[in-house]
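The values are calculated or read from the model by the stated rules, or taken from the named source; none is laboratory data. Values in this document were obtained by computation on a predicted structure and should not be read as measured data. Here the Cβ is made from the backbone with ideal geometry for all residues, glycine too, and neighbour counts use every protein chain on show.
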Amino acid sequence: MFVTVKSIISILKSILLVIELAFVIAFTHWEKLLFIGIVAIDQFVKGVVTASMVPGQSIPILENIFHVTYVLNPGAAFGILPHQRELFLLAGVAILVAAGVFYSQIKKSDIVLRFGLIFLLSGAAANLIDRFQNGLVVDFLDFRIWPVFNIADIAIVVGVGFMIYSILFNFEENKLEKTKTIKLIKD
């Protein structure tokens, strides 16, 4: 199969939707670029996979180590909770709406937490686009020892990692700073 005009138009429509979403949420310029970039790369690669492969097809890149395998995932990460489309659509929209509502407070937090949130939201938005288009998420990265996943899944995991790091280490840093401030006030 070849990349068709129809698949290119579908990819462009998805990217325009994401650009609109990025402007609704009060992102700064660099945050908009990061958000749009992650979603655009994910949707572009998914478009190439869907236009040039058939579901179930696997192309070995490094034999028995890494393959590009076209999978239509009806569930959440790694296929859990299959065929719960409405639940995933509702959860995805809720996450994006909550981000839009609370982002002005989050914007005041540290850069690591904000990076984490941008990665998480961009991954959620990219997979949400798939669910709106056909009810399934396109997965294609296959390391043979792990379930097949996609770029959006990587963004979600990286985002959660950044957020956990920020919460754990900045919490300790803020606690230490408060202790120093209290000690200075007492002296």
Inset, instruction - Note down all Cβ pairs under 6 Å where the first residue falls in segment 52-72 and is farther than 12 Å from Asp142 by Cα, the second is at pLDDT 95 or above and part of a strand (DSSP E or B), and they're at least six residues apart or on different chains. - result: Met53/Tyr70; Pro55/Tyr70
Inset, instruction - Out of the residues in segment 100-129 that are small (Gly, Ala, Ser) and at pLDDT 70 or above, state the one that is nearest to Ile36 (Cα to Cα). - result: Ser122
Inset, instruction - Kindly check whether there is at least one residue in segment 37-48 that is over 18 Å from the mean Cα position of the chain (by Cα) and modelled with pLDDT of 90 or more. - result: yes
